[in-house]
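The next block holds one structure in the form of structure tokens; read it before the comments.
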Amino acid sequence: MPRLDPSSLGQHLNVLYRSAWALCGSREDAEDLVQETLAGVLARPRTVNAGGERAYLMRALRNTFYSRLRNASRRPRVTDTLDDVAVAESRVSTQPERAAEVGEIFDAIAELPEDFRLAIVAVDVLGLSYGEAADSLDTREATITTRLYRARQRVARRLSDEPGAQPAREGSGPNRSLTR
Amino acid sequence: MSDHMTSEPQLPEAELARLADGSLSAERQRQLRGEIQNSPPMARALKEQERAIALIRSTDDVVAPASLHASLERLTSTAPAKPARSRLRWWPRLGLPVAGAVVAAAAVVVAVVIAGGGGSPGPSLSQTAHVALASATSPAPVEDSANRAQLSLQVDGIPFPYWERVGWRTQGRRTDTVGGRRVVTVFYGGRNGSRVGYAIVSGAPVKVSGGQTVVRNGHRYTLLHQGNARLVTWQRSGHTCVIAGRRVNDRTLVALAEADSGSAASA
């Protein structure tokens with residue numbers, strides 16, 4: 001099996017960062033998560049399937065994300081800092097029908113239940129195929145598809161202008177559950 | 001997992017998700033769109049799927065902060081020594097009947113290496129194929145009204161072909177930046193449910209190593225595979241093009257690649 005070329009990781013850095021932001025709901029946490037993920041990946045030579053770098057990184061990102069959540073749950077909880085709260089990016093999207101800030105979009109994803117969040121990050125943010133997403137998340141393709149549908153539905157409703165379209169929040173905030 | 005929010009249990013959720021991102025087979029797309037016309041709940045559900053995709057797509061220009069790039073650089077410089085051959089390998093599947101049929105019709109050169117151009121090294125062929133096999137993230141481009149053989153979408157002046165008349169329906173597209181280069185992919189669905197991604201890489205051609213090379217009408221096409229997917233790569237006006245798919249054979253791939261010069265493959 002081919003070895004992962006460390007110099008190729010830079011090509012995935014932006015999309016990995018967006019994925020981490022969507023998982024965490026915070027730019028600062030995303031930066032830490034990506035850095036920790038890359039440090040783990042680069043700690044020793046890795047082998048990946050040809051063309052499977054992104055799927056490999058998704059798996060590594062997910063594992064690091066879970067590890068961080070577990071560690072955080074063991075530490076005393078602290079009040080959010082101002083930085084944690086002010087995560088919305090100043091840039092405003094110009095599409096599609098309604099301009100939603102980047103921070104709002106990633107917040108909407110970050111508020112999803114874990115399984116839904118991972119599915120939408122793997123397919124819609126990271127760009128994996130359904131099969132690759134299923135492999136990297138250790139589940140079936142059919143399961144990914146259903147989770148993706150529901151994740152998109154919730155994100156669309158969460159960011160909808162229509163009254164009554166917004167779903168009840170689950171696991172919102174920085175202390176999201178680890179239920180799988 | 002239960003979903004307390006979903007109130008339309010009869011909706012074909014999986015198919016609606018795939019329809020929204022273009023990964024549903026062309027035939028089923030047509031059927032489902034017909035059903036949606038008579039079902040406001042399905043139409044609403046599809047609209048929500050498409051809206052979510054568009055919203056997420058709008059974040060594509062968010063880039064990692066400079067501090068993260070610097071961290072990666074530090075980490076890379078201290079990473080364990082790179083193996084002698086770090087570039088992903090491509091192993092040709094020699095001896096397959098399908099490949100044999102293609103080979104019989106053309107001159108074959110094995111293990112050809114096409115040198116890359118100057119400037120940014122750009123994406124590897126593997127990365128380009130990976131993008132070509134991913135899901136569509138935007139609606140399909142429309143036919144070029146001035147030239148019915150091509151779409152209105154171009155990369156560095158190189159247009160994508162319009163193949164609907166020969167059975168390959170345009171399903172969607174996506175744009176990625178890989179290795180500092182723009183890679184634009186248009187997805188086509190065949191009548192038999194097969195799907196291919198046609199990617200064009202901006203800038204100088206990317207390096208191609210290995211595979212089987214087929215020469216047709218003076219054009220050189222290289223056939224490779226990645227897992228269960230197959231792909232063909234060639235150059236158009238000095239730009240690397242890749243067509244990749246999972247349920248297509250080499251003959252179809254080469255015919256599609258040739259179709260740009262007029263003889264389209266039937267789906």
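The values are calculated or read from the model by the stated rules, or taken from the named source; none is laboratory data. Small disclaimer: the values here were computed from a predicted structure and weren't measured. So basically every Cβ, Gly included, is an ideal-geometry build from the backbone, and we count neighbours across all protein chains shown.
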Enumeration of residues in segment B:4-28 that are at pLDDT below 90, out of contact with any Asp or Glu (no Cβ under 8 Å at 6 or more places or on another chain) and surrounded by 19 or more Cβ atoms within 10 Å (Cβ to Cβ): B:22, B:23, B:25, B:26
Selection within segment B:191-229 - within 25 Å of residue B:27 (Cβ to Cβ), out of contact with any strand residue (DSSP E or B) (no Cβ under 6 Å at 6 or more places or on another chain) and of a type in the set (D, E, K, R): B:191
Of all residues making up segment B:155-210, the number that are modelled with pLDDT of 90 or more and assigned to a helix (DSSP H, G or I): 0
Number of positions in segment A:122-142 that are touching a residue at least 24 places away in the same chain (Cβ under 8 Å), part of a helix (DSSP H, G or I) and facing chain B (nearest Cβ under 9 Å): 4
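What do you reckon, is residue B:75 assigned to a helix (DSSP H, G or I), within 30 Å of residue B:11 (Cα to Cα) and either in contact with a helix residue (DSSP H, G or I) (Cβ under 6 Å, 6 or more places away or on another chain) or at pLDDT 85 or above (or both)?
Details: assigned to a helix (DSSP H, G or I): yes; within 30 Å of residue B:11 (Cα to Cα): no; either in contact with a helix residue (DSSP H, G or I) (Cβ under 6 Å, 6 or more places away or on another chain) or at pLDDT 85 or above (or both): yes.
So residue B:75 fails the test.
Yes or no, residue by residue, for (1) closer than 14 Å to residue B:259 by Cα; (2) buried (at least 18 other Cβ atoms within 10 Å of the Cβ):
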residue: B:154; (1), (2): no, no
residue: B:167; (1), (2): yes, no
residue: B:171; (1), (2): no, yes
residue: B:179; (1), (2): no, yes
residue: B:182; (1), (2): no, no
residue: B:188; (1), (2): yes, yes
residue: B:191; (1), (2): no, no
residue: B:194; (1), (2): no, yes
residue: B:212; (1), (2): no, yes
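Residue A:101 - would you say it is closer than 28 Å to residue A:70 by Cβ and either surrounded by fewer than 21 Cβ atoms within 10 Å (Cβ to Cβ) or at pLDDT below 90 (or both)? I'd like the intermediate steps shown before the answer.
Details: closer than 28 Å to residue A:70 by Cβ: no; either surrounded by fewer than 21 Cβ atoms within 10 Å (Cβ to Cβ) or at pLDDT below 90 (or both): yes.
Answer is no for this residue.
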Qualifying residue in segment B:144-151 (condition: of a type in the set (S, T, N, Q) and crowded, with 17+ Cβ neighbours inside 10 Å): yes
Segment B:129-143: number of residues that are buried (at least 23 other Cβ atoms within 10 Å of the Cβ) and not in a loop (DSSP other than H, G, I, E, B): 4
Qualifying residue in segment B:250-264 (condition: surrounded by fewer than 22 Cβ atoms within 10 Å (Cβ to Cβ) and within 20 Å of residue B:134 (Cβ to Cβ)): no
Hits in segment A:1-53 (condition: more than 7 Å from chain B (Cβ to nearest Cβ) and not in a helix (DSSP H, G or I)): A:1, A:4, A:25, A:26, A:43, A:46, A:47, A:48, A:52
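I'd like to verify a number: residues in segment B:223-238 that are more than 23 Å from residue B:166 (Cβ to Cβ) and part of a strand (DSSP E or B), how many? If you could, list the steps in order and put the result at the bottom.
Initially, segment B:223-238 is screened for residues more than 23 Å from residue B:166 (Cβ to Cβ), giving B:224-228, B:238.
Right, trim to part of a strand (DSSP E or B) and you get B:224-226.
The number of residues fulfilling the criteria is 3.
Based on what the data block shows, is residue B:36 more than 7 Å from chain A (Cβ to nearest Cβ), in contact with a helix residue (DSSP H, G or I) (Cβ under 8 Å, 6 or more places away or on another chain) and either of a type in the set (Asp, Glu) or assigned to a helix (DSSP H, G or I) (or both)? Reasoning before the result, please.
Numbers: more than 7 Å from chain A (Cβ to nearest Cβ): yes; in contact with a helix residue (DSSP H, G or I) (Cβ under 8 Å, 6 or more places away or on another chain): yes; either of a type in the set (Asp, Glu) or assigned to a helix (DSSP H, G or I) (or both): yes.
In short, yes.
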Subset of segment B:39-72 [facing chain A (nearest Cβ under 9 Å), of a type in the set (Gly, Ala, Ser) and not in a helix (DSSP H, G or I)]: B:58, B:64
Residue list for segment B:118-159, restricted to those being within 14 Å of another protein chain (Cβ to nearest Cβ), more than 19 Å from residue B:232 (Cβ to Cβ) and touching a helix residue (DSSP H, G or I) at 6+ places or on another chain (Cβ under 9 Å): B:135, B:136, B:137, B:138, B:139
